[in-house]
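Accompanying notes for the structure given below.
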Amino acid sequence: MTKYGKWLAGGLGWAFFGPVGGLLGFALGSMIDSSVKVETLRSQQTGRGDFAAILVILVAAVMKADGKVLKAELDYVKRYFVKSFGEEAAKDVILLLREVLKKDIPLHEVNYQIRANLDYSSRLQLLHFLYGVASSDGHVHQTELDVIDQIAAGIGVLPKDAQSIKSMFVVEVDSAYKILEIEKSASNDEVKKAYRRMAVKYHPDKVSHLGDDMQKAANEKFQKVNEAYEKIKKERNFS
């Protein structure tokens with residue numbers, strides 16, 4: 001593991017414990033030199049080490065869902081982490097992912113630990129990334145959707161919020177309305193109110209505690225809300 005990867009091992013707080021910690025212990029044990037001291041601090045505040053670790057575990061669960069691990073999925077994960085943490089850190093994350101993929105993932109227990117320790121905005125960001133992985137090969141398999149649905153429910157994401165994020169990747173007739181969590185019959189005023197509400201919910205500042213890099217990555221959700229709003233405005237011809 002490179003010096004850039006040490007931030008992951010040394011940056012684990014609550015994620016080092018419970019079922020998540022069990023999986024990470026297996027994976028990190030095969031990657032980190034025995035001379036490296038791993039320091040952990042049990043904290044309710046999620047750092048980017050915790051977020052990256054649980055993201056890797058959930059990604060592995062989604063990738064295993066259809067029985068095959070695709071290069072397109074690995075490439076998507078790598079691009080995301082290159083964008084968020086840099087080239088060297090991304091290499092370490094992919095190594096960690098390959099190790100976690102070898103293990104059975106107790107998803108129910110992992111979900112419970114995440115729900116108990118991770119703030120809601122960060123859980124929404126997790127879900128957004130998982131849909132990105134599932135759709136990275138150009139087709140979202142039903143088995144992958146089923147696993148993501150299970151994760152969403154397990155980590156306590158509200159059904160409307162889960163549908164909103166899903167609609168950013170799985171295009172349907174009313175996707176723009178689903179992203180804003182409204183019906184197509186909503187009035188123009190209701191559309192405007194919904195846009196303001198969702199813009200606040202998905203604002204990148206909501207995950208600022210995960211670091212500037214992750215805040216930038218979260219901007220994609222925010223942009224999807226803007227795109228949905230602009231699409232509806234154009235269809236309805238209002239400003």
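Quick note: the coordinates plus some simple rules give every number you see, no bench work behind them. Remember, predicted model here, so these are calculated numbers, not experimental data. Backbone-built Cβ (ideal geometry, glycine too); neighbour counts: all protein chains shown.
Quick rundown of the values:
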{"item": "Local net charge near Arg48, Cβ-Cβ under 11 Å (Lys/Arg +1, Asp/Glu -1)", "result": "-3"}
{"item": "Karplus-derived 3J(HN,Hα), 6.51/-1.76/1.60, for each residue of region 151-165, Hz, glycine and proline x", "result": "5, 4, 5, x, 8, x, 7, 4, x, 5, 5, 4, 5, 4, 5"}
{"item": "Summed side-chain charge close to Gly132 - residues other than Gly132 whose Cβ falls under 13 Å, Lys, Arg +1, Asp, Glu -1", "result": "+1"}
{"item": "Which of Thr143, Thr46 has the fewest Cβ neighbours within 10 Å, and the rest in rising order", "result": "Thr143, Thr46"}
{"item": "Computed Rg/Rh of region 177-239, alpha carbon atoms with Kirkwood Rh", "result": "1.05"}
{"item": "log₁₀ of I(q)/I(0) at q = 0.12, 0.20, 0.23 Å⁻¹ - region 99-214, Debye sum with one point per alpha carbon", "result": "-0.49, -1.22, -1.41"}
{"item": "Rg in Å to one decimal, and Dmax rounded to a whole Å, for the chain via C-alpha atoms", "result": "18.2, 64"}
{"item": "Pairs beyond 18 Å (Cα-Cα), from Lys178/Lys233; Lys193/Lys231; Lys201/Lys221; Lys178/Lys201; Lys160/Lys221; Lys78/Lys224", "result": "Lys78/Lys224"}
{"item": "Overall Cα dimensions of region 76-148, principal axis frame, Å, largest first", "result": "31, 30, 28"}
